[in-house]
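Read through the structure below, which is laid out as structure tokens, and then see the notes.
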């Protein structure tokens, strides 16, 4: 069953008189539970596509359907709510909130969601922190963690609200090989155990190797879309 | 809200030096204001006290005719016919503490070499010292009720004429019947008050002396009323105004002036001083606003990526904005609490020890305010609270513009920001 239908999405950025075409009519259908990599050289439109799928940016034309409903016909508030309830992000440079502890960082999406009691939030956060192997570090601040640990916290933060889709922009780019393998492994486990859909952009061949579907972008268009078993 | 509050509070501690600098600016504003307000309130109280105790009383009652020509101190318009019912009415009024009669006249004082114009005041020594506070300012002796050949004169006047206690001096004046008279009096005492008019040209004599010298026949041109001063000045003023209204209603042929009417000039200076205090406070608050505006703006700039992350997770722009507004508010609170505490400490010194303004600025400067000696501060809790609230409010408002800017940042731009 398709979760997200991206139909003929185009994106053009304007800077004064100049215009840059980032996407030139992209069509992709993302199924529930996919573990999908978007690859391609720098400037091929990977991040733009992820931003549009995550409703952080609007396409110049085309449509993105979620369960058959057009996302970019929604108001700003509805989009914000959709993002809050269904999408989670993992960033290349982790982007943890430096003044919050590991537990508080992981709780953050739940706090924004306002669906759970304080106790429920703490329980959910600790469970997911345990699952990424950082149970002993729940009360530490980000500055006390290594890069790999920070990215694991970012994964925990993304997964804590059981999102339908996790969008990750170059999640292993700043990590050494061993740590990158750990992070990929955690993402795969979550994908397998929770059927969480992962869509990630990457230059990293290690990540590509683990992806079950690889979409290759070039100059804003899909060059290749291959599925693996 | 809890998480927003937590992030805001912790971010204040994240850039300690910057936060402390902004808070100190606000605190400095508060300290300066509290100190200035205390000193000015103290000066006001002392000026008003001196006005009441040295020349005006709480109320001064004269005839309408006298009031119209009061600049010439006419002896013809006396209170004689109204005196008995007036004294009876004031005697019944529980708001009135003491009453004394006075008569003022114009004269000249001479040491045979020099002649100086003076304003004479005829007093009832026993009753007068219950309404006015001349005695504590006196060198020499206060006169007895029956004293007929004695004067008390202002200190500057004594210096100008080169005379002192025990010396004889000649006083010239027109009697009640407009005939010129001159007589020699012994100087019983010299007054050194905070009222420059008394010091420069004040001459006091008893009714016994004036009956001989001015043919006064115990006539008084004014009745001065003292009222208890326990309450604050605004409350005291209201009570005095109420008594004024009652007497004026019952005695329409008389003119009742309060110390507020008589000291309108002093009150005008008081208002001007207060305005200058607020201008200083305003300047300091503007500096604080710029400081906090800058602090919050820097904070927004440094945390653009964080803003992007929070927005990406679905945090509403209004919550992002609230977070930065709270940071401004907490900085203001920090400065406010610190400023109020430091201000209270500094003020304690001003209230208990005072500042020797006369020594610093000279007697001419203090005399223009109608005061002398040390200036003592006053605790003005409503003003302190108001300025504390103002400081916090200003700090909060200073954070609003950068906070709104933060809430409008595009998520994708924020996440790309390096």
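The numbers here are math on the coordinates, done by the rules we state, and not lab data. The model shown is predicted, which means the values in this text are computed figures rather than measured ones. All Cβ positions, even for glycine, are placed from backbone atoms using ideal geometry, and neighbour counts span all protein chains on display.
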Filter the stretch A:78-106 down to the residues that are at the interface with another protein chain (Cβ under 8 Å from one of its Cβ atoms), part of a helix (DSSP H, G or I) and surrounded by fewer than 17 Cβ atoms within 10 Å (Cβ to Cβ) and list them by number. A:81, A:85
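List the helices (runs of 4 or more DSSP H) inside the stretch B:45-145, counting only whole elements, that have at least 2 residues being over 31 Å from the mean Cα position of the chain (by Cα). Outline the logic, then answer.
Details: elements: B:64-68, B:80-92, B:125-131.
Helices (runs of 4 or more DSSP H) meeting the threshold: B:80-92.
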Please count how many residues of the stretch B:282-317 are within 11 Å of another protein chain (Cβ to nearest Cβ) and farther than 30 Å from residue A:110 by Cα. 0
Right, residue A:29: assigned to a helix (DSSP H, G or I) and in contact with a strand residue (DSSP E or B) (Cβ under 9 Å, 6 or more places away or on another chain) or not? no
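Return yes or no: is residue B:293 touching a strand residue (DSSP E or B) at 6+ places or on another chain (Cβ under 9 Å) and either at negative phi or surrounded by 21 or more Cβ atoms within 10 Å (Cβ to Cβ) (or both)? I'd like the intermediate steps shown before the answer.
Working: touching a strand residue (DSSP E or B) at 6+ places or on another chain (Cβ under 9 Å): no; either at negative phi or surrounded by 21 or more Cβ atoms within 10 Å (Cβ to Cβ) (or both): yes.
Spelling it out, it is not the case that residue B:293 is touching a strand residue (DSSP E or B) at 6+ places or on another chain (Cβ under 9 Å) and either at negative phi or surrounded by 21 or more Cβ atoms within 10 Å (Cβ to Cβ) (or both).
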Here is a list: B:278, B:251, B:259. Which entry is free of Cβ contacts under 8 Å to residues at least 60 places away in the same chain and in contact with a helix residue (DSSP H, G or I) (Cβ under 9 Å, 6 or more places away or on another chain)? B:278
Counting only residues that are more than 19 Å from residue B:130 (Cα to Cα), under 26 Å from the mean Cα position of the chain (by Cα) and either surrounded by 15 or more Cβ atoms within 10 Å (Cβ to Cβ) or touching a residue at least 24 places away in the same chain (Cβ under 8 Å) (or both), the stretch B:215-240 contains a total of 3
Per the filter on the stretch A:107-146, residues part of a loop (DSSP other than H, G, I, E, B), within 14 Å of another protein chain (Cβ to nearest Cβ) and either free of Cβ contacts under 8 Å to residues at least 12 places away in the same chain or touching a helix residue (DSSP H, G or I) at 6+ places or on another chain (Cβ under 6 Å) (or both) are A:114, A:115, A:116, A:117
